[in-house]
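Below you'll find the structure, written out as structure tokens, and then a few comments.
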Amino acid sequence: MSKPILSQSADLKNCTVVLGTQWGDEGKGKIVDLLAANVDIVARYQGGANAGHTIQLPDGRSFVLHLIPSGIFHEHVACVIGNGVVIDPVALIEEIRMVEREGVRVQGRLFISHNAHLIMPYHKMLDQASEQRMMAKDGSAVGTTGRGIGPAYEDKFARKGIRIVDLLDRESLREKLRRNIDEKNELLEKFYGSHEHCDVEKIIAEYESFDRQIDPYITDTALMLNREIAGGKSLLLEGAQAALLDIDFGTYPFVTSSNPTAGGACTGLGIPPMAIGRVLGVAKAYATRVGNGPFPTELTDETGERIRTVGHEYGATTGRPRRCGWFDAVAVRYTNMINGVSSLALTKLDVLSGLTEVKLCTRYERISTGRAIENFTNDLRQLADIRPIYESFEGWPEDALEGATSREELPRAVQRYLDALEREVTCPLEIISIGAGREETLGVPLEPFEIR
Ligand code: GDP
Ligand code: IMO
Ligand code: MG
């Protein structure tokens, strides 16, 4: 009998999940890049090119990554795209080229699961057609990124999806594609009344060319990761989107089609839960949401506008303006619970500087009955009947955070806000980010990145 790869030893908890605790764009890219300096592997476990993770390098260059894990700018780090990710080869190849042009070595450092599903041209067409139809019908569109994410996961779960491994067998690929394309063309034409349609031969030729280009990166990543875990390597598991966009725990149906929550890291990579020693939640010091759906603390006034302008709150993937609002501790308490968040990285605190007053939502009140609500619900009907109750804080000047190297050095007004936020989310603030750059960070654990 061959030896099991993963030791059952309880101290092999060398994986840290880094995930969004709000509605996405919390600054996961910055935090993963920062922590990647002290790990061996960064692995993406779900989502696809709907993600936009921004990284600012010390020399001022800034990059938005959609599929490549945010550890790629550290030469010693191996980057893995797991089976749970849906891969658009067009976006992937473009991104590989983009980082290579900047002098980053990708070959030998990027590993892609042979089990990952592929986004096909018809997935993007269907995503957009469905959104347009819902918008025209009753305005109920989700506000997706249009990257084909939902339709690709639909095919995966309907057992019709095309996986990376399917590219290896051209005959069966042709057969699977033909069946899919017949079905999608009919759907596009008859249901959506679209004049666009897909051509089997054209798609096969395109995907054969993609296959040649991505072939060097394809491997059995679950096997690779389990070997590395057993060998004592340290891993960051990078979530895309965020817990409130989770298909099960988010504000359904205004969600994405995967599990950004911690459980998704195991199924999206093929690693055991016991290998996860720590879950680092990333939260903005306020809240944003792009796309439709409930947002209890949304500000539609001048303050919301100011936060959007100062925080450059425009989508990294679609360029859409992000809706902005106050920090919602009720929602983050909930996502901390679902994910077992051990500590938080709080980002974009600097964006609140210069406001005369800063607010924190600590609980909700039911509009119809006036009853206080302590726990978040993802039930849309209930969310429509709540209003946020705020604790108010004195603001701090524009330059209050400048030059600070630790939380203790921050002015009293800032500390009062952070103390209250920490108390309300019931988990420690381990990292505080006060700018997009790596160095604009307070409280990063010193080397080596400690696994607890
Ligand atoms: P992600 O999807 O969670 O990786 O986040 P995005 O990259 O979509 O959006 C976060 C934006 O905020 C990016 O433009 C980052 O460069 C920027 N950012 C990250 N942390 C901070 C911070 O502490 N302060 C400021 N001002 N910008 C930040
Ligand atoms: P990162 O990883 C913010 C939102 C879309 C839409 C919903 C469904 O950068 O935080 P989809 O295209 O996934 O079917 O859209 O999810 N959404 C995001 N919002 N950040 C993201 O990724 C997002 N990815 C998807 O706006 O509301
Ligand atoms: Mg983003």
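The values are calculated or read from the model by the stated rules, or taken from the named source; none is laboratory data. The model shown is predicted, which means the values in this text are computed figures rather than measured ones. Here the Cβ positions follow ideal geometry from the backbone for every residue, glycine too, while neighbour counts run over all protein chains shown. Side chains included, ligands, DNA and RNA excluded: accessible areas come from the protein's heavy atoms. Shrake-Rupley method; radii C 1.70, N 1.55, O 1.52, S 1.80 Å.
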Could you please find all residues in segment 106-139 being assigned by TED's automatic domain parsing to the domain that holds LEU177, without any contact (Cβ under 8 Å) to a residue 24 or more places away in the chain and of a type in the set (Gly, Ala, Ser)? ALA136, GLY139
Answer from GLY277, GLY232 - the residue that is more than 16 Å from ligand 2 (Cβ to nearest atom), assigned to a strand (DSSP E or B) and open to solvent by 10 Å² or more (accessible area, probe 1.4 Å): GLY277
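The rows are residues; the columns are (1) out of contact with any strand residue (DSSP E or B) (no Cβ under 7 Å at 6 or more places or on another chain); (2) of a type in the set (Ser, Thr, Tyr); (3) within 15 Å of ligand 1 (Cβ to nearest atom); (4) not assigned by TED's automatic domain parsing to the domain that holds HIS53.
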site: HIS312; (1), (2), (3), (4): yes, no, yes, no
site: TRP326; (1), (2), (3), (4): no, no, no, no
site: VAL330; (1), (2), (3), (4): no, no, no, no
site: SER353; (1), (2), (3), (4): yes, yes, yes, no
site: ILE367; (1), (2), (3), (4): no, no, no, no
site: GLY370; (1), (2), (3), (4): yes, no, no, no
site: PHE376; (1), (2), (3), (4): yes, no, no, no
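For (1) away from ligand 2 (no atom under 16 Å from the Cβ); (2) at pLDDT 95 or above; (3) open to solvent by 20 Å² or more (accessible area, probe 1.4 Å), each residue gets a yes or a no:
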residue: GLY311; (1), (2), (3): no, yes, no
residue: ALA316; (1), (2), (3): no, no, yes
residue: LYS348; (1), (2), (3): no, yes, yes
residue: SER353; (1), (2), (3): yes, yes, no
residue: CYS361; (1), (2), (3): yes, yes, no
residue: SER368; (1), (2), (3): yes, yes, yes
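Scanning segment 52-66 for residues that are in a loop (DSSP other than H, G, I, E, B) and within 20 Å of VAL290 (Cβ to Cβ), which turns out farthest from ligand 3 (Cβ to nearest atom)? Let's see the steps before the verdict.
Residues of segment 52-66 that are in a loop (DSSP other than H, G, I, E, B), as a first pass: 52, 57-61, 66.
Filter once more, so that each one left must be within 20 Å of VAL290 (Cβ to Cβ): 52, 66.
Working: GLY52: 4, HIS66: 9 Å.
Per the criteria, the residue is HIS66.
Would you be able to tell me the number of residues in segment 411-444 that are open to solvent by less than 40 Å² (accessible area, probe 1.4 Å) and either touching a residue at least 12 places away in the same chain (Cβ under 8 Å) or not assigned by TED's automatic domain parsing to the domain that holds LYS30 (or both)?
Here is the first cut: in segment 411-444, the ones open to solvent by less than 40 Å² (accessible area, probe 1.4 Å) are 413-415, 417-418, 420-421, 424-425, 427, 429-435, 437, 441-442.
After this cut, where a residue has to be either touching a residue at least 12 places away in the same chain (Cβ under 8 Å) or not assigned by TED's automatic domain parsing to the domain that holds LYS30 (or both) as well, the list is 413-414, 417-418, 420-421, 424-425, 427, 429-435, 437, 441-442.
Total meeting the criteria: 19.
Taking segment 49-65 on its own, how many of its residues are within 16 Å of ligand 2 (Cβ to nearest atom) and either out of contact with any Asp or Glu (no Cβ under 6 Å at 6 or more places or on another chain) or of a type in the set (Phe, Trp, Tyr) (or both)?
Step one: filter segment 49-65 for residues within 16 Å of ligand 2 (Cβ to nearest atom), giving 49-56, 62-65.
Narrowing further to those that are either out of contact with any Asp or Glu (no Cβ under 6 Å at 6 or more places or on another chain) or of a type in the set (Phe, Trp, Tyr) (or both): 50-54, 56, 62-65.
Qualifying residue count for the region: 10.
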Members of segment 1-49 that are at pLDDT 85 or above and polar (S, T, N, Q): ASN14, THR16, THR21, GLN22, ASN38, GLN46
Search segment 45-59 for residues that are over 26 Å from GLY263 (Cβ atoms) and pair each with any residue that is in a strand (DSSP E or B) and more than 14 Å from ligand 3 (Cβ to nearest atom) when their beta-carbon atoms are under 8 Å apart and the residues are at least 6 apart or on different chains. GLN56/GLY437; PRO58/GLY437
GLY291 vs. criteria out of contact with any helix residue (DSSP H, G or I) (no Cβ under 8 Å at 6 or more places or on another chain), open to solvent by 40 Å² or more (accessible area, probe 1.4 Å) and within 16 Å of ligand 3 (Cβ to nearest atom): no
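One line per residue, one yes/no per condition, for (1) more than 13 Å from ligand 1 (Cβ to nearest atom); (2) of a type in the set (Phe, Trp, Tyr); (3) over 23 Å from PRO151 (Cβ atoms):
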{"residue": "ASN50", "(1), (2), (3)": "no, no, no"}
{"residue": "ILE55", "(1), (2), (3)": "no, no, yes"}
{"residue": "HIS76", "(1), (2), (3)": "yes, no, yes"}
{"residue": "ASP88", "(1), (2), (3)": "yes, no, no"}
